[in-house]
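Each remark here refers to the structure printed beneath this line.
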Amino acid sequence: MKKNIRLIIICAVVVAVLAGLLVFLSISKNDTTAETPTADTAETEVTTSLLYSNKLDDLALLTIENEHGTYEVERVTADGQNVWTIMELSNLPLSNSIITGLIENAISVTAQQTVAENPEDISIYGFDAPLATVTAQFSNSDNTVRKLYVGNKTPKGTAYYFMMEGDPAVYTVNVGEMSYYLNDKWAAVVKTVYPAAASEAVINKMTISRPDIDYDIVIEYDKRLDDENNMVTNSSLYVITSPVFRELNPDTSDPVTNGVFGLTATELGIVNPDENDMVTCGITEPSAVLTVESDIGNLKLTIGNEIVDELGNNGRFVYVEGIDIIYVFKKSLLPWLTVKPLEITTTMFTSNYIYDVTSVDITTADSKLDFEITGSNADDFAVTLDGQTADPDAFKNLYQFILRAPSSDVYFEETTVEPVLTIDIRTADGNDLIEFIPSDNRQSIIRLNGKVTYKCASAYVDRFISNLELYKNGDDIVTNW
């Protein structure tokens, strides 16, 4: 019995010693972390606590000081409403979200954790040279002034150390709340010049003017889409109306039409530019001018000289009408600088649906073929050639070859040379008269409905004429050229 009692006493002593050792280690750990910030002390067991909260209406002035300088955010009255702005930038478009972030995170602060109640050395948290000092002045009955300090980022990077004047404690505050105070004032200037999304707006008209082409490229909303009785098979919302009328290829034209939506500059080039700046940046003699008319507002971009940064990236100076800034845009965001009409259109410059066609007359120097077509679908489709029944499937192949007529470039110089091939397509809704006229450099001029419009490879014309002979002889036509 005594032996058992003695064993119990020994065990109790051992437990007491171990408990004392644990208490000692715990105290030692707490003493150390009160002076040295670590990932454990700053970002584990987060317990938020509201440090203070003031009314927005009581805020009178906010002063931000950081490595970039000092600036003020103040309240002004416009149209009977209170508006917060950076006065020295008040003529520029400022980001509502950034201004709101500056204001809201100054009138109320919630700490993630109290790191140290009264540390002896605050420099280890970065408060010997704070990343930012924020002074919020309130117009309440006490004329409260709150001075806030943003220290170093915590080891895990999810928070900043934070102190307030008059409070010896060091806290951590969420990165997203304090990061607003670390930027230059210019970060508040909006770099997105057309914030709408493509799903929110429709372009009524887009005009591209450039000195390297002697015509304007004009793109417009395809009004045929509003007519429920009009069959439009193309999936693009837009057509090109100048220098030619043609449907757009939605894949290749998307950067041109939808590229304006959400268009954002890389940086601010020159703010409040003067006349000399306009000349130096090429705005007075631009490389391209883009104007956009849409149902939510207009946009005019004047694209100036090229600029190459220290990394070799190509950009362009761009002036946006109505905004007193010359921006810098990545060249890749400015397709209007180089786009050519036929790069963004469908391949077919004539696209009459075969079941809408009533006749096709084809004339060459040696022959003339007159096709008459009846029927509105595959079941009753029929063709006659010079009054004689013709093979409808063979004619479909020939007609498909007509639709594949290429156009390598737009061309507008009139000519008196006679065509070597003429195709007259007639439908119930209208006609297309296509004339192919010999030109130089193995090219042929295409005159569409009496107007010189395109050039194409002469090889296509030669192949078409030889295909007519194959067709008349009952042979399969050749589809390449």
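No value in this document is a laboratory result; all are computed from the given coordinates. What you see is a predicted model, and the numbers here were worked out from it, not measured in a lab. Cβ placement follows ideal geometry from the backbone for every residue including glycine, while neighbour counts extend to all protein chains displayed.
Counted over all Cα-Cα pairs of segment 46-103, pairs farther apart than 15 Å make up 60 percent. Computed from label points 7 Å out along Cα-Cβ, the spacing between residue 285 and residue 359 is 5.7 nm. For a straight C-alpha distance cut-off of 28 angstrom, the lysines reachable from residue 340 (same-chain residues fewer than eight places away being disregarded) are 191, 205, 223, 300, 330, 331, 451, 455.
For the Cα trace of the chain, dividing Rg by the Kirkwood Rh returns an Rg/Rh value of 1.26. Extending 7 Å from the Cα toward the beta-carbon at both residue 227 and residue 370 defines two label points whose distance is 3.0 nm. The dipole here belongs to segment 354-472: it is taken about the Cα centre, uses +1 on the Cβ of Lys and Arg and -1 on the Cβ of Asp and Glu, and is about 360 debye.
Estimated from helical segments only, the mean residue ellipticity of the chain at 222 nm is -6000 deg cm²/dmol, where each DSSP H run of four or more residues counts as -39500 (n - 2.57).
Once you sort the root eigenvalues of the Cα gyration tensor of segment 45-188 as a ≥ b ≥ c, which label holds: rounded (a/c under 1.5), prolate (a/b larger than b/c) or oblate (the other case)? Since a/c reaches 1.5 and a/b is larger than b/c, the shape of segment 45-188 is classed as prolate. Protection proxy ranking, highest mean first, for peptides 345-356, 235-246: 235-246, 345-356, where packing is the per-residue count of other beta-carbon atoms within 10 Å, averaged.
For the pair residue 78 and residue 156, the difference between a 0.36 nm per residue extended length and the Cα-Cα distance amounts to 23.8 nm. Among 214, 462, sorting on how many other beta-carbon atoms sit within 10 Å of each Cβ, with the fewest leading, yields 214, 462. Summing Lys and Arg as +1 and Asp and Glu as -1 over all other residues whose Cβ lies under 11 Å from the Cβ of residue 372 gives a net charge of -2. One chain, two ends: residue 351 and residue 272. Fully extended at 0.36 nm per residue, the span grows by 23.4 nm beyond their Cα-Cα distance. Candidate cross-link partners of residue 396 among the aspartates and glutamates, defined by an alpha-carbon separation under 19 Å and a same-chain spacing of 8 or more, comprise 356, 361, 370, 372, 379, 380, 386, 424, 432, 469, 475, 476.
The chymotrypsin sites (Phe, Trp or Tyr not before Pro) of segment 368-435 meeting both criteria, a DSSP state outside H, G, I, E and B (loop) and at most 13 other C-beta atoms within 10 angstrom of the site's C-beta, are 412. Average 1/r across all pairs of distinct alpha carbons in segment 192-343, invert it, and you get the Kirkwood radius: 16.3 Å.
Inverting the pair-averaged 1/r between distinct Cα atoms of segment 322-481 gives 17.6 Å as its Kirkwood hydrodynamic radius.
Taking GluC sites (Glu not before Pro) across segment 52-85, the ones in a DSSP loop with at most 11 further Cβ atoms lying within 10 angstrom of their Cβ are 67. Counting charges near residue 277 (Lys, Arg +1; Asp, Glu -1) among other residues having Cβ under 14 Å from its Cβ returns a value of -4. Within 13 Å, Cβ to Cβ, of residue 382, how many net charges do the neighbouring residues add up to if Lys/Arg are +1 and Asp/Glu are -1? Charge balance in the 13 Å sphere: -4.
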